[in-house]
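Undergrad: Attaching a single structure in structure tokens format; questions to follow.
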Amino acid sequence: ARGRKKEKGRECLATEHGWSENYDLWEKRGSSVPLPTKPQIQKAFQTQVGIFQNPKVLGKKKTTVKRWYKDVGLGFKTPREAIEGHYIDKKCPFTSDKVSIRGRILSGPVVSVGKMERTIVIRREYLHYISKYNRYEKRHKNLSAHMSPCFIGVETGDVVTVGQCRPLSKTVRFNVLRVQKKIIKGAKSFSKF
């Protein structure tokens, strides 16, 4: 009975704030669709740095919620969800002042989504030269990257562009900057070369 009450409370909270359309997708385990419009999903209260959450209202004016975002530069556009959304992510390159993109810009197909929270794995394929045989062999490396909640519905096979940033965790040193949806082709192939 306790579990049902808790679930009812979460559903009421979801409908009260207009999250109900994505709530079922977000609740399913293994789903690659995050719920970016739900900021308070952790124990500590989440806020953006430098944004005052409780302005005093004189009269009956409705104030809009202020949101801080930035342009990462290098020709990458800030996603609309980062500007208009309500998510709080301290590792997002668009809505956090703690993360800046510098160094390498890489791209590759997504191998794994949804197994780690806000982290995806991309596959980087390359050719390695073997001088003895005067030939190349195919090799690959997997790369973990932080994926901000502003990118909705990223699935396995989508091509993402990532940019290097400071170390965000033990294995994550890259942040997703752009997502291109998967183009369905024929059989599996070594697409890079």
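Undergrad: Can you name the number of the only condition in (1) loosely packed, with under 15 Cβ neighbours inside 10 Å; (2) modelled with pLDDT of 65 or more; (3) assigned to a loop (DSSP other than H, G, I, E, B) that residue 59 fails?
TA: Unmet condition: (2).
Undergrad: If you don't mind, another one. Within the stretch 126-149, work out how many residues are assigned to a strand (DSSP E or B) and open to solvent by 20 Å² or more (accessible area, probe 1.4 Å).
TA: Selection size over the stretch 126-149: 15.
Undergrad: Another question, if that's okay. Suppose the filter is open to solvent by less than 70 Å² (accessible area, probe 1.4 Å), at pLDDT below 95 and under 23 Å from residue 71 (Cα atoms); does residue 172 pass it? Write out each step before concluding.
TA: Working: open to solvent by less than 70 Å² (accessible area, probe 1.4 Å): yes; at pLDDT below 95: no; under 23 Å from residue 71 (Cα atoms): yes.
So residue 172 does not fit the description; no.
Undergrad: From the list 88, 101, 152, which one is open to solvent by 40 Å² or more (accessible area, probe 1.4 Å), part of a loop (DSSP other than H, G, I, E, B) and of a type in the set (A, V, I, L, M)?
TA: 152
Undergrad: I'm trying to understand the selection: among the residues of the stretch 148-167, which are touching a Lys or Arg at 6+ places or on another chain (Cβ under 6 Å) and at pLDDT below 95?
TA: Selection gives 157, 158.
Undergrad: If you go through the stretch 112-125 one residue at a time, how many are within 19 Å of residue 180 (Cβ to Cβ) and either open to solvent by 70 Å² or more (accessible area, probe 1.4 Å) or of a type in the set (Lys, Arg) (or both)?
TA: 2
Undergrad: Hey, can you tell me all the residues within the stretch 119-168 that are without any contact (Cβ under 8 Å) to a residue 12 or more places away in the chain and under 25 Å from residue 78 (Cα atoms)?
TA: Selection gives 167 alone.
The values are calculated or read from the model by the stated rules, or taken from the named source; none is laboratory data. The shown structure was predicted, so the numbers you read here are calculated from the model rather than taken from an experiment. A quick note on method: Cβ atoms are made from the backbone with ideal geometry, for glycine too, and the neighbour counts reach across all protein chains shown. Heavy atoms of the whole protein, side chains included, go into the accessibility calculation; ligands, DNA and RNA do not. Shrake-Rupley method; radii C 1.70, N 1.55, O 1.52, S 1.80 Å.
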